[in-house]
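**Student:** One structure, pasted below without further comment.
The values are calculated or read from the model by the stated rules, or taken from the named source; none is laboratory data. In this text, all values refer to a predicted model and were calculated from it rather than measured experimentally. Every residue, glycine among them, receives a Cβ derived from its backbone with ideal geometry; neighbour counts consider all protein chains shown.
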Amino acid sequence: MSELGQTLPETPADGGRALDADAIAIFQRTVAPGLQAVEAERLRQRSVLVRRLALFFGAAVPAMGLALWATDGHRGVIFGCMVAIVVAILWIHTPMHRYRKRARAEVIGAICDSLGELTFEPYHNPPLNTFPEIEGYAAAGLIRTHGFSRRLDKFSHRVDDLIAGNHLGASFEVRRVWIGIAGKGGRTDFHGLLGTIVVPFRFDGVTKIAPIEGGAEGMEAIETGHAIFDEGFDIFTDRPDEVGQFLNPGFLDEFVALQADHRPKGRHLRATFTDGRLLFALDHAGSIFEPAGLHLNPQAADARRRQLVTELVVPHRLIGGLSAGR
């Protein structure tokens, strides 16, 4: 079984360039050369943030408290304090936003350049009603909908960060998606990656791996003979005779490894083969595609940047697994 931090299958990414999907190797080749400048910017913006927080709590907050006390809570003073607090929050947030924007561009950009045919479009946020693929993921048993016919406003969903590329002859798109249904107390129904891989071989049926509850009605349950995979995942299909062409040992190994690498407890990786594509959903508890925060120490910041590599190569690993038996 492949494990991140050791060695994943070595496969060609684009012509003469080889994709070494080992996270440490990619990190050292791409991110490490420019790391000094990124870390210096992170520390500089953290210093700015600390000074602004000290000024706000050391001077602004006491001044507002004194003003409220001196005017006996005059409405105009209360309103002015509320406006001042909002302005202060935006002012304090600025260093974090500046660093986040630069780090995402430089760190993720370097990784994408190393991986060959891979592009990253940050803050790619189309309205949910212009992202019709969402219905396909729901129909494939990968996410819960609670009825997308309901009104979903901008506060209840976000489709963000488009990653697109080509690997081993298979094109793919991956988006970071957050969905919370309006009127349900702010509950998050899905947070993670939704991806589509155009599979470079033909199949006619539908095969679902670990679908959500009720997502495989009327389909036949099968086992692969892969002990670890069968213990952790359920498979349902309407064409048992054709699943052998994509559920090969290499793909099953990679699927188990991806689950273990990202969220080992529970079934947070799901996939469906349908209409010549592999659709997948990966629930993610952390801030996926996000660089190290200002609050982290240098060692933790370095570890977070390494994790970015593992998040960006998810489709590469699935494609590599599909190709392992062909």
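**Student:** Among H268, H262, which is surrounded by fewer than 19 Cβ atoms within 10 Å (Cβ to Cβ), within 22 Å of the chain's Cα centre (by Cα) and within 25 Å of S171 (Cα to Cα)?
**Tutor:** Sole residue among the options that is surrounded by fewer than 19 Cβ atoms within 10 Å (Cβ to Cβ), within 22 Å of the chain's Cα centre (by Cα) and within 25 Å of S171 (Cα to Cα): H268.
**Student:** Tell me whether the stretch 203-225 contains one or more residues that are farther than 19 Å from V174 by Cβ, buried (at least 21 other Cβ atoms within 10 Å of the Cβ), without any contact (Cβ under 8 Å) to a residue 40 or more places away in the chain and aliphatic (A, V, I, L, M).
**Tutor:** Within the stretch 203-225 (the criterion being farther than 19 Å from V174 by Cβ, buried (at least 21 other Cβ atoms within 10 Å of the Cβ), without any contact (Cβ under 8 Å) to a residue 40 or more places away in the chain and aliphatic (A, V, I, L, M)), the answer is no, since none of the residues qualifies.
The rows are residues; the columns are (1) crowded, with 16+ Cβ neighbours inside 10 Å; (2) assigned by TED's automatic domain parsing to the domain that holds T274; (3) modelled with pLDDT of 70 or more; (4) touching a Pro at 6+ places or on another chain (Cβ under 9 Å).
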{"position": "M96", "(1), (2), (3), (4)": "yes, no, yes, no"}
{"position": "R104", "(1), (2), (3), (4)": "yes, no, yes, yes"}
{"position": "Y123", "(1), (2), (3), (4)": "no, yes, no, no"}
{"position": "D153", "(1), (2), (3), (4)": "no, yes, no, no"}
{"position": "A164", "(1), (2), (3), (4)": "yes, yes, yes, no"}
{"position": "H167", "(1), (2), (3), (4)": "yes, yes, yes, yes"}
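Residue by residue, here is whether (1) over 23 Å from T119 (Cβ atoms); (2) assigned to a helix (DSSP H, G or I) holds:
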position: L282; (1), (2): no, no
position: S287; (1), (2): no, no
position: P291; (1), (2): no, no
position: H295; (1), (2): yes, no
position: Q299; (1), (2): yes, yes
position: Q307; (1), (2): no, yes
position: T310; (1), (2): no, yes
position: H316; (1), (2): no, yes
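**Student:** Those residues that are more than 25 Å from A285 (Cβ to Cβ) and surrounded by fewer than 16 Cβ atoms within 10 Å (Cβ to Cβ), I need them from the stretch 231-259; list them, please.
**Tutor:** Hits for the stretch 231-259 are D238, R239, P240, D241, G244, Q245, P249.
**Student:** Kindly check whether there is at least one residue in the stretch 129-151 that is modelled with pLDDT under 80, more than 19 Å from H268 (Cα to Cα), of a type in the set (A, V, I, L, M) and out of contact with any strand residue (DSSP E or B) (no Cβ under 7 Å at 6 or more places or on another chain).
**Tutor:** no
**Student:** So which residues in the stretch 307-326 are among the basic types (K, R) and crowded, with 17+ Cβ neighbours inside 10 Å, if there are any at all?
**Tutor:** If the condition is that a residue be among the basic types (K, R) and crowded, with 17+ Cβ neighbours inside 10 Å, then R317 is the only one that fits.
**Student:** Against the conditions (1) buried (at least 17 other Cβ atoms within 10 Å of the Cβ); (2) farther than 24 Å from A138 by Cβ; (3) modelled with pLDDT of 85 or more; (4) over 16 Å from the mean Cα position of the chain (by Cα), where does L294 fall short? Just the number, please.
**Tutor:** Result: L294 passes all but (3).
**Student:** Could you run through the stretch 172-204 and say how many residues are in a strand (DSSP E or B), at pLDDT 85 or above and either farther than 17 Å from E311 by Cβ or hydroxyl-bearing (S, T, Y) (or both)?
**Tutor:** Total meeting the criteria: 2.
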